[in-house]
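Data first, discussion second: the structure below is written as structure tokens.
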Amino acid sequence: MLPSLRQLTVGLCALALPIGLAACGETASTGNFKGESHNVAQTVSNFQSDATAGNQKKLCQNDLASTITARLQSSGGCQATLKEQLHEIDALNLTIESISVNGTGAIAHVKSTYSGKSRITTLTLVKEGSHWKISGVKS
């Protein structure tokens, strides 16, 4: 079952907002991953970069799955919704802990740190065409 739009937006923001004080310009490392796992890691890195830059257009077009963008579109627009939620982010700092790929689905466990406390978040991704896109967030 798909998460509600509120759960999804809160999940994306929970991933991004608490780590908004991290150093600017960093991206999640993709070097430890090979093959499809590397492609998944690249999507996470791109998400981090686009969220840090406040680039809602890239987030909606390149980083988020069509199921997510469609739900955001029906609730006032993907870009407008993300702009409202992400305007306070200075930088998003994620460390990719692990990735597992199963056909057209993937799970990435990412670590973030805020106020000295580490937190692991699970991102679910789907393959749309030749690109991996984030389809869900679970804290």
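The values are calculated or read from the model by the stated rules, or taken from the named source; none is laboratory data. No experiment lies behind these values; they were computed from the predicted model shown. In this analysis, Cβ positions are derived from the backbone assuming ideal geometry, glycine residues included, and neighbour counts consider all displayed protein chains.
If you scan the range 125-139, which residues turn out to be farther than 13 Å from Phe47 by Cα, in a strand (DSSP E or B) and either modelled with pLDDT under 95 or in contact with a Gly (Cβ under 7 Å, 6 or more places away or on another chain) (or both)?
Val126, Lys138
Where residues in the range 56-73 are of a type in the set (Gly, Ala, Ser) and assigned to a helix (DSSP H, G or I), which of them is modelled with the highest pLDDT? Walk me through it before giving the result.
Keep residues of the range 56-73 that are of a type in the set (Gly, Ala, Ser), which gives 65-66, 70.
Remaining after also requiring assigned to a helix (DSSP H, G or I): 66, 70.
On the way: Ser66: 95, Ala70: 90.
Among them, the one singled out is Ser66.
I want to confirm something. Restricting to the range 19-38 and keeping residues that are in a helix (DSSP H, G or I) and at pLDDT 90 or above, which single residue is farthest from Thr81 (Cα to Cα)?
Let us first name the residues in the range 19-38 that are in a helix (DSSP H, G or I), namely 19, 35-38.
Those still in the list that are at pLDDT 90 or above too: 35-38.
Numbers: Gly35: 33, Glu36: 30, Ser37: 29, His38: 29 Å.
Only one residue tops the list, namely Gly35.
Test each condition in (1) assigned to a strand (DSSP E or B); (2) modelled with pLDDT under 85 for Ile107 and report the one that comes out false.
(2)
Search the range 74-90 for residues being in a helix (DSSP H, G or I) and of a type in the set (A, V, I, L, M), and hand back the single one that is surrounded by the most Cβ atoms within 10 Å (Cβ to Cβ). Even if it seems obvious, please write down each step before you answer.
Step one: list which residues in the range 74-90 are in a helix (DSSP H, G or I), which gives 78-86.
With of a type in the set (A, V, I, L, M) added as a condition, the list becomes 80, 82, 86.
On the way: Ala80: 14, Leu82: 26, Leu86: 22.
Checked the range 74-90; the qualifying residue surrounded by the most Cβ atoms within 10 Å (Cβ to Cβ) is Leu82.
Of Ala41, Ala16, which residue is out of contact with any Gly (no Cβ under 7 Å at 6 or more places or on another chain), surrounded by 19 or more Cβ atoms within 10 Å (Cβ to Cβ), at pLDDT below 90 and small (Gly, Ala, Ser)? Can you show your working first?
Numbers: Ala41 fails: at pLDDT below 90.
Just one listed residue meets the conditions, Ala16.
Listed residues Thr121, Thr113; which is of a type outside the set (Gly, Ala, Ser), modelled with pLDDT under 85, closer than 19 Å to Asn32 by Cβ and not in a helix (DSSP H, G or I)?
Thr113
Restrict the check to the range 35-53 and report whether at least one residue is more than 16 Å from Leu94 (Cβ to Cβ) and more than 16 Å from the chain's Cα centre (by Cα).
Kept after step one, since they are more than 16 Å from Leu94 (Cβ to Cβ), are these residues of the range 35-53: 35-36, 39.
If we keep only those that are more than 16 Å from the chain's Cα centre (by Cα) as well, we get 35-36.
For the range 35-53, residues more than 16 Å from Leu94 (Cβ to Cβ) and more than 16 Å from the chain's Cα centre (by Cα): present.
Return yes when Ala70 is among the aliphatic types (A, V, I, L, M) and surrounded by 15 or more Cβ atoms within 10 Å (Cβ to Cβ) and no when it is not. Walk me through it before giving the result.
Values: among the aliphatic types (A, V, I, L, M): yes; surrounded by 15 or more Cβ atoms within 10 Å (Cβ to Cβ): no.
The answer is no for Ala70.
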